[in-house]
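*Asks:* Before I ask anything, let me first share the structure, which is written out below as structure tokens.
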Amino acid sequence: MAERAGDLPPGAVPDVKDVDVAFYGDVFRAPAAKGGQAGPRSAAEVTDPYEVDLLLAWAAAAGSPREQHGTKAPTPRTLQRAMNALLRSPFLPGPVAERFLLGVLRQVRRYFSEDVVRERAMEAVAARVGPDTAVLVGHSLGSVVAYEALCAHPEWPVRTLVTLGSPLGMPSLVFDRLRPAPRDGRGCWPDGLACWTNLADQHDVVASVKRLADLFAPVGAPALNAAGAAKAPPEAAARVLRDVPVDNGWKVHDLLRHLTARETGVAIGEGLRAG
């Protein structure tokens, strides 16, 4: 990461001991179901309305035609076709992809529907933020947790947010469920935050809305894309949201690909320089 961050002054590259990771995967762990596997074992068995809608929305983002159902629930065959469209996309290649994706659907649904899960996830982030924390990085659902935690803690010293493969802009299923709730179609800008860089691969179905600047940038503040960022005047560095495309190859949503992208290193490096 350090070598991808651009020209950093001496001492600006953090030591390993200065980098921390918030883990909250355990908040999604449920007791094993008696007699077998908890939750659906295939897309055809998905019945929760939120999970159904999320699966179909991701499949549509992957290029699968959105079928019209009227007032009827989608059939198991429709849901399996949607899953197959995702498995053919660059999103989650591999033999265990379907079972993994079913778990992701369940995690996202539980985060937005169960207050205790939401609170414990944000508490895990809060436990890792110290008085000298300058940059907060969130990937996938973790970008939602990072954003909501920042909004809930205006006293934090964090000045830079970096989101990777973020679903924050996804209408109805994510954006409209955020806390604090968006007002007049705009999400809250976390107090104290100076710079937000959002990175997404063009083929990432989770980050189906690539441009967050239209939804979150403070009114009157510059909302820059990657091309315009270099031309911005120095004063534009205050309260700016930049949407930056990345090419993650065949693993479009992969965290490691995001973290080893030069664009990510530059965004984090700028946050470290700003202090």
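*Asks:* Give the long-range amide H neighbours of residue 201: residues separated by 5 or more places, or on another chain, with amide H under 5 Å away, using H modelled in the peptide plane at 1.01 Å from N.
*Replies:* It is 165, 246, by chain and number.
*Asks:* Right, next: What number comes out for the charge environment of residue 135, summing +1 per Lys or Arg and -1 per Asp or Glu over other residues with Cβ under 10 Å away?
*Replies:* Working: positive: 159; negative: 270.
Here the count lands on 0.
*Asks:* Could you give each residue of region 99-109 its phi-based ³J(HN,Hα) in whole Hz, using Karplus coefficients 6.51, -1.76, 1.60 with θ = phi - 60°, and x for Gly or Pro?
*Replies:* Values per residue, Gly and Pro as x: 4, 5, 5, 4, x, 5, 3, 5, 5, 4, 4 Hz.
*Asks:* First measure r as the distance between the Cβ atoms of residue 273 and residue 19, then evaluate 1/(1 + (r/R0)^6) with R0 = 22 Å and state the FRET efficiency to the nearest 0.05.
*Replies:* On the way: r = 16 Å, r/R0 = 0.74.
Step by step, r from the Cβ atoms, then E = 0.85.
*Asks:* Non-local amide H neighbours of residue 139 (under 5 Å, H modeled in plane, Pro and chain starts lacking H): which ones?
*Replies:* Hits under the 5 Å cutoff: 164.
*Asks:* I need the calculated FRET efficiency for the pair residue 97 and residue 127, taking r as the beta carbon distance and R₀ as 35 Å, to the nearest 0.05.
*Replies:* Numbers: r = 32 Å, r/R0 = 0.91.
So, using R0 = 35 Å, E works out to roughly 0.65.
*Asks:* Now a separate question. Please give the contour-minus-distance gain from residue 53 to residue 260: 0.36 nm per residue of separation, less the Cα-Cα distance, rounded to one decimal in nm.
*Replies:* Details: separation 207, 0.36 × 207 = 74.52 nm, distance 3.21 nm.
So the chain would gain 71.3 nm between residue 53 and residue 260.
*Asks:* With θ set to phi - 60° and the Karplus curve 6.51 cos²θ - 1.76 cosθ + 1.60, what are the ³J(HN,Hα) couplings of region 18-28 in order, to the nearest whole Hz, using x for Gly and Pro?
*Replies:* 9, 10, 10, 10, 8, 10, 9, x, 5, 5, 8
*Asks:* Output ³J(HN,Hα) for region 154-168: one whole-Hz value per residue in order, computed from phi by the Karplus curve 6.51 cos²θ - 1.76 cosθ + 1.60 with θ = phi - 60°, and x for Gly and Pro.
*Replies:* Per residue, the Karplus-derived 3J(HN,Hα) values read x, 7, 5, x, 4, 10, 10, 10, 10, 10, 10, x, 8, x, 4 Hz.
*Asks:* What order, most packed first, do the peptides 40-49, 74-83, 203-212 have when packing is the mean number of other Cβ atoms within 10 Å of each residue? Numbers along the way, then the final one.
*Replies:* Numbers: 40-49: 15.8, 74-83: 17.8, 203-212: 21.6.
Going by the mean number of other Cβ atoms within 10 Å, highest first, we get 203-212, 74-83, 40-49.
*Asks:* May I ask for the percentage of alpha-carbon pairs in region 126-274 that lie more than 23 Å from each other? If you can, show how the numbers build up before the last one.
*Replies:* Working: 3205 of 11026 pairs.
Considering region 126-274, 29 percent of its Cα-Cα pairs are separated by more than 23 Å.
*Asks:* Right, something else. What's the ranking of 119-132, 184-197 by average number of surrounding C-beta atoms within 10 Å, highest first? Before the final figure, lay out each step's value.
*Replies:* On the way: 119-132: 14.9, 184-197: 16.9.
Going from most to least packed, we get 184-197, 119-132.
Readers should treat all values here as calculations from the given coordinates under stated rules, not as data from a laboratory. In this text the structure is predicted, and so the values were computed from the model without any measurement. Here the Cβ is made from the backbone with ideal geometry for all residues, glycine too, and neighbour counts use every protein chain on show.
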